[in-house]
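The values are calculated or read from the model by the stated rules, or taken from the named source; none is laboratory data. Small disclaimer: the values here were computed from a predicted structure and weren't measured. Positions of Cβ are generated from backbone atoms using ideal geometry, with glycine treated the same way; all protein chains shown enter the neighbour counts.
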Amino acid sequence: MPSTQSALVTRLLDGVHALRRCWQDQRQLRAMSELDLRDLGVGRSEIPWLLSDAAAPPHAPRSRARCAAGARPARRP
């Protein structure tokens with residue numbers, strides 16, 4: 001059973017790293033000025049949507065971790 005435990009630990013660590021990266025990206029985007037966000041073509045209300053799995057291309061691997069805890073993704077037109 002060591003390989004099963006090893007796989008579980010690896011998946012758990014991957015999830016933790018992905019969640020930390022998501023939080024880091026969220027902090028970085030929220031720290032940007034309105035002008036910088038506008039240059040990127042992003043509104044401040046779109047940040048949770050950008051960091052959610054909904055913004056990922058269909059062929060991209062999806063994480064199971066919630067990125068913006070408690071935040072609902074912004075609706076896209």
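Quick one: what pairs do we get from the stretch 8-29, first residue at negative phi, second part of a helix (DSSP H, G or I), C-beta under 7 Å, 6+ apart or different chains?
Pairs found: Cys22/Leu51; Asp25/Leu51; Gln26/Ile47; Gln26/Leu51; Leu29/Ile47.
Can you confirm whether the stretch 32-43 contains a residue that is surrounded by 10 or more Cβ atoms within 10 Å (Cβ to Cβ), at pLDDT below 90, part of a helix (DSSP H, G or I) and among the small types (Gly, Ala, Ser)?
No.
Out of (1) exposed (fewer than 15 other Cβ atoms within 10 Å of the Cβ); (2) at pLDDT 85 or above, the odd one out for Pro57 is which?
Status for Pro57: all satisfied but (2).
Given (1) of a type in the set (A, V, I, L, M, F, W, C); (2) at pLDDT 60 or above; (3) surrounded by 13 or more Cβ atoms within 10 Å (Cβ to Cβ), identify the lone condition not met by Ala68.
(2)
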